[in-house]
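To keep things clear, I will list the structure first and then write my remarks on it.
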Amino acid sequence: MSKIKPSMNKIKTVCVYCGSGPGTNPRFVEAAIALGKILADNGVSLVYGGGSNGLMGAIAKSTLDHGGNVIGIIPEFLISRENAMARVQELIVTPDMHERKRMMFERSDAFVALPGGIGTLEELVEQLTWQQLGRHAKPVLLANIDSFWEPLLALLTHMRATESFGRLWQSRF
């Protein structure tokens, strides 16, 4: 096993994008709970959307229940709708979604996308786009629970095959 160089950056914070609902598959919630425990057990802080419902709530509660650090970032207009979680060590309220996404990006060393809806997809695609454009080199991971992300992966493969997007992506998929 090779040694990691001391100068390499350690991932200290992970931003998790996921649904504000639980989804139809119970494995989605199980995965969120498991990921929260893994983050806490490894001393990695969670950065997430700040809500206490659905997969967002499951991962935050799990991280907290296992002694981890949680940073919630929520726009003011979603505080009631997504039931902002008061238990987090840090709850940041932003004026809008753009500021929320900027802060989530700045506070994170890596990104993980659990199953979710349009908002999760939009946040994920933004990170992939910023990575493609060279704005960051942070890891972006898909938690492909029960093949949830397969349609997106098929689309990306199709885009690559038809040269619909830049050559930077060709080595990634």
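The values are calculated or read from the model by the stated rules, or taken from the named source; none is laboratory data. Note that the coordinates shown come from a computational prediction; the quantities given were computed from them, not determined experimentally. Protein only, heavy atoms only, side chains kept; ligands, DNA and RNA dropped before computing areas. Shrake-Rupley method; radii C 1.70, N 1.55, O 1.52, S 1.80 Å.
The phi torsions of region 11-24, fed into the Karplus equation with coefficients 6.51, -1.76 and 1.60 and a -60° offset, translate into couplings of 6, 10, 9, 10, 8, 10, 9, 6, x, 7, x, x, x, 8 Hz, rounded to whole numbers, with Gly and Pro shown as x. Rounded to the nearest 500, the 222 nm mean residue ellipticity of the chain from helices alone is -12000 deg cm²/dmol, with -39,500 (n - 2.57) taken per DSSP H run of at least 4 residues.
Under 5 Å from the amide H of Gly49 lie the amide H atoms of Ile73, each residue being 5 or more positions distant or on a separate chain, with H modelled from the backbone and absent for Pro and chain starts. To put it simply, the accessible area of the chain at a 1.4 Å probe is 57 percent carbon and sulfur. Remark: region 76-92, residue by residue, has Karplus-estimated 3J(HN,Hα) of 3, 5, 9, 4, 6, 4, 9, 6, 3, 7, 7, 6, 5, 5, 9, 10, 9 Hz, where x stands for each Gly or Pro and the curve is 6.51 cos²θ - 1.76 cosθ + 1.60 at θ = phi - 60°.
Per residue, the accessible area of region 47-96 comes to 41 Å² when a 1.4 Å probe rolls over the protein heavy atoms. Check Thr94: other-chain or 5+ apart residues with amide H under 5 Å from its amide H, H built from backbone geometry? Close amide H contacts, sequence-distant or interchain: Ile74, Glu76. With both residues required to sit in the chain, DSSP beta bridges show an antiparallel share near 5%.
Relative to the longest principal axis of the Cα atoms of the chain, helix 97-106 runs at roughly 80 degrees. With θ taken as phi - 60° and the Karplus curve 6.51 cos²θ - 1.76 cosθ + 1.60 applied, the whole-hertz 3J(HN,Hα) list for region 126-140 is 4, 5, 5, 5, 4, 5, 4, 7, x, 6, 8, 10, 6, x, 10 Hz, x standing for glycine and proline.
For the chain, the number of Lys pairs with C-alpha atoms closer than 17 Å, counting only pairs eight or more positions apart or on separate chains, is 5. Backbone amide hydrogens, once placed in the peptide plane, bring Leu142 within less than 5 Å of Ala113, excluding anything fewer than 5 places away on its chain.
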